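Student: Input: one structure, supplied below.
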Amino acid sequence: MRPEADLIRQRLGQLVQGLTALRHDGRFDEPNLDGTAGDYISFDSWEWPQGVGLYGLVQLWLRHRDPGLRSLLEGWYARHLARGLPGMNINTTAPMLGLAMLWAETRDPRWQPALDAWASRLMTEAPRTEEGGFQHDVSDKVNPGELWDDTLFMAGLFLARYGQASGRTELVDEAVRQFLVHTRYLSDPETGLWFHGWTFEGRHNFARARWARGNAWVTACILDLFETSILPGSVRMYLQGVLESQVRALLPLQTASGAWRTLLDDPASYEEISATAGFAYGLLKATRQGIGGADWAEAGWRAVGAVMANIDAGGTVQNVSYGTRMGHDLQFYRDIPLQPTGYGQALAILCLVEAEGHLTRQEAA
């Protein structure tokens with residue numbers, strides 16, 4: 001059963017409040033959990049969770065053109081640019097995605113120098129693995145020779161979006177290369193699902209974890225990449241086949257509640273809502289783009305129901321697994337604690353923005 005559009009709009013307002021109110025409460029030693037230094041729960045930090053959150057807010061603003069939301073976004077970026085940006089790595093690139101989309105729409109001259117400089121540095125300074133993949137280094141840890149599926153969302157989409165908006169086609173070409181290299185080493189040909197990571201040092205997929213949120217990053221960002229109009233057709237056809245293979249494996253793994261487990265194919269692992277939101281977003285966006293059948297849409301709407309059931313009265317998304325570095329055994333993933341986070345809020349926002357769009361188009365038809 002599909003929720004009413006008005007209820008989704010109400011939940012979206014609550015999610016924005018929940019996102020912007022997030023503060024680190026001291027319960028977690030963050031660097032030891034995912035290899036990222038600093039407070040990445042609080043909305044006012046510049047890290048990957050805030051970057052995903054800002055991407056969700058920009059998509060919500062593009063849908064409704066709320067001037068208050070635009071002011072919130074511009075104020076956030078202005079404060080951080082005035083303070084000075086942190087060192088560049090894969091995770092600190094994430095906030096640039098929302099800024100690229102904001103600039104593409106407004107052409108505000110405040111933003112382009114920072115975008116240009118960051119994109120150029122990413123192209124020339126980011127450490128690379130064999131075959132030119134971005135090495136997944138984070139703020140307090142170098143990961144020699146490692147590819148992670150997170151990289152495509154945190155850095156690949158930024159290059160594609162900003163490359164298209166700025167006319168810098170070399171950035172889109174680089175984004176395409178990252179998607180192809182990561183697909184080669186992280187997509188599991190046996191199941192169609194994706195592994196969390198690969199290392200060239202020993203040439204293996206670590207725990208061979210088919211981790212839900214990593215798979216959700218992939219589902220979401222492949223479909224977002226398809227919105228890049230200068231994407232070569234052959235690349236689109238190839239990645240669509242990869243996506244269809246992944247979704248064929250995903251659909252039978254959806255639980256009775258509409259959610260997916262944090263290890264997709266492990267019944268002993270817990271149901272996890274940030275990944276469920278990412279899958280819902282991707283499945284509904286796919287059907288809007290004419291990809292997939294009625295079973296994709298049905299699974300997407302069931303996932304929307306699971307996400308909405310996990311938004312509390314204060315607009316905070318519950319049952320979100322905390323930041324997850326690379327695990328060397330499957331128990332590591334089962335033991336990741338649950339904690340409200342910016343990316344949990346953001347993926348729920350993306351999910352409900354896409355769901356609302358479907359309902360609005362039906363109402364207008």
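Student: Those residues that are over 18 Å from the mean Cα position of the chain (by Cα) and aliphatic (A, V, I, L, M), I need them from segment 123-140; list them, please.
Tutor: MET123, ALA126, listed by residue number.
Student: Go through segment 207-245 and count every residue that is assigned to a helix (DSSP H, G or I) and either within 12 Å of the chain's Cα centre (by Cα) or among the aliphatic types (A, V, I, L, M) (or both).
Tutor: 19
Student: I'm trying to understand the selection: among the residues of segment 341-365, which are in a loop (DSSP other than H, G, I, E, B) and surrounded by fewer than 21 Cβ atoms within 10 Å (Cβ to Cβ)?
Tutor: First, the residues of segment 341-365 that are in a loop (DSSP other than H, G, I, E, B): 341, 365.
Within segment 341-365, ALA365 is the sole residue that qualifies.
Student: Quick check: is even one residue across segment 252-272 part of a helix (DSSP H, G or I) and either in contact with a strand residue (DSSP E or B) (Cβ under 6 Å, 6 or more places away or on another chain) or more than 26 Å from LEU12 (Cα to Cα) (or both)?
Tutor: Taking segment 252-272 first, the residues part of a helix (DSSP H, G or I) are 252-253.
From what's left, either in contact with a strand residue (DSSP E or B) (Cβ under 6 Å, 6 or more places away or on another chain) or more than 26 Å from LEU12 (Cα to Cα) (or both): 252-253.
Checked segment 252-272: at least one residue is part of a helix (DSSP H, G or I) and either in contact with a strand residue (DSSP E or B) (Cβ under 6 Å, 6 or more places away or on another chain) or more than 26 Å from LEU12 (Cα to Cα) (or both).
The rows are residues; the columns are (1) crowded, with 18+ Cβ neighbours inside 10 Å; (2) within 22 Å of the chain's Cα centre (by Cα); (3) more than 25 Å from ALA21 (Cα to Cα).
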{"site": "GLY68", "(1), (2), (3)": "no, no, no"}
{"site": "GLU74", "(1), (2), (3)": "no, yes, no"}
{"site": "GLY98", "(1), (2), (3)": "yes, yes, no"}
{"site": "ALA104", "(1), (2), (3)": "no, yes, yes"}
{"site": "PRO109", "(1), (2), (3)": "no, no, yes"}
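Student: A further question follows. Among the listed residues PHE153, PHE179, PHE195, which satisfies the condition of being touching a Leu at 6+ places or on another chain (Cβ under 7 Å), within 21 Å of GLY323 (Cβ to Cβ) and touching a residue at least 40 places away in the same chain (Cβ under 8 Å)? Show your work before the answer.
Tutor: On the way: PHE153 fails: touching a Leu at 6+ places or on another chain (Cβ under 7 Å); PHE179 fails: within 21 Å of GLY323 (Cβ to Cβ).
Only one candidate qualifies: PHE195.
Student: Can you name the residue in segment 165-184 that is over 24 Å from GLY197 (Cα atoms) and not hydroxyl-bearing (Ser, Thr, Tyr) and is also surrounded by the fewest Cβ atoms within 10 Å (Cβ to Cβ) among such residues?
Tutor: Residues of segment 165-184 that are over 24 Å from GLY197 (Cα atoms), as a first pass: 165-170.
Then drop every residue that is not not hydroxyl-bearing (Ser, Thr, Tyr), which leaves 165, 167-168, 170.
Details: ALA165: 18, GLY167: 9, ARG168: 18, GLU170: 12.
The residue in question is GLY167.
Student: Inspect all residues belonging to segment 171-178 and state whether any of them is closer than 21 Å to THR262 by Cβ and not aliphatic (A, V, I, L, M).
Tutor: Applying the first criterion (closer than 21 Å to THR262 by Cβ) to segment 171-178 yields none.
No, segment 171-178 has no match at all.
Only the coordinates and a few stated rules stand behind these numbers; no lab work does. Bear in mind the structure is a predicted one, so any value in this text is a computation, not a measurement. As a convention, Cβ positions derive from the backbone with ideal geometry for all residues, glycine included, and neighbour counts pool all protein chains shown.
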